[in-house]
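**Student:** First the structure, which I've put down as structure tokens, then a few questions once you've had a look.
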Amino acid sequence: MTEPLRTCCSCGMKKPKHSLQRFVWKNEMVEPDPKQLLEGRGAYCCKDEQCFRLLLDKKKKWKRLFRL
Ligand SMILES: [Zn+2]
């Protein structure tokens, strides 16, 4: 069985789900979801500090990502 691929919302790279960090929208903030179990619309980002920072910078993108 092949692992589903997810796209990093910062750099746009497609990677296996487990190698990306999942985030959900919670309490008006981006919340990491290490176990990938939290409810809500999630976004994926590389486990990479640079990519994560990019995600935090793209506040305009959040609306679309998390369907706010
Ligand atoms: Zn990335």
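**Student:** May I ask you to list pairs of residues, at least six apart or on different chains, whose Cβ atoms are under 7 Å apart, with the first in the stretch 8-23 being touching a residue at least 12 places away in the same chain (Cβ under 8 Å) and among the hydroxyl-bearing types (Ser, Thr, Tyr) and the second being within 9 Å of the ligand (Cβ to nearest atom) and part of a strand (DSSP E or B)?
**Tutor:** Pairs found: Ser10/Cys45; Ser10/Cys46.
**Student:** I'd like to check something: does the stretch 11-28 contain any residue that is at pLDDT below 90 and loosely packed, with under 14 Cβ neighbours inside 10 Å?
**Tutor:** Looking for residues that are at pLDDT below 90 and loosely packed, with under 14 Cβ neighbours inside 10 Å, one finds at least one in the stretch 11-28, hence yes.
**Student:** Any chance the stretch 36-51 includes a residue that's over 12 Å from the mean Cα position of the chain (by Cα), part of a helix (DSSP H, G or I) and exposed (fewer than 11 other Cβ atoms within 10 Å of the Cβ)?
**Tutor:** yes
**Student:** Now for a separate question. Quick one: in the stretch 11-32, which of the residues that are in contact with a strand residue (DSSP E or B) (Cβ under 9 Å, 6 or more places away or on another chain) and away from the ligand (no atom under 16 Å from the Cβ) is nearest to Met1 (Cα to Cα)?
**Tutor:** Step by step, filter the stretch 11-32, then rank; the result is Val24.
**Student:** Can I ask one more? If a residue must be part of a loop (DSSP other than H, G, I, E, B) and surrounded by 10 or more Cβ atoms within 10 Å (Cβ to Cβ), how many such residues does the stretch 1-10 contain?
**Tutor:** 4
**Student:** Of Arg41, Arg67, which residue is on the phi > 0 side of the Ramachandran plot and touching a residue at least 24 places away in the same chain (Cβ under 8 Å)?
**Tutor:** Step by step, each of Arg41, Arg67 is checked, and only Arg67 is on the phi > 0 side of the Ramachandran plot and touching a residue at least 24 places away in the same chain (Cβ under 8 Å).
**Student:** Do we have Glu31 as assigned to a strand (DSSP E or B), of a type in the set (Asp, Glu) and surrounded by fewer than 15 Cβ atoms within 10 Å (Cβ to Cβ) here?
**Tutor:** yes
The values are calculated or read from the model by the stated rules, or taken from the named source; none is laboratory data. Note that the coordinates shown come from a computational prediction; the quantities given were computed from them, not determined experimentally. We place every Cβ from the backbone using ideal geometry, glycine too, and count neighbours over all the protein chains shown.
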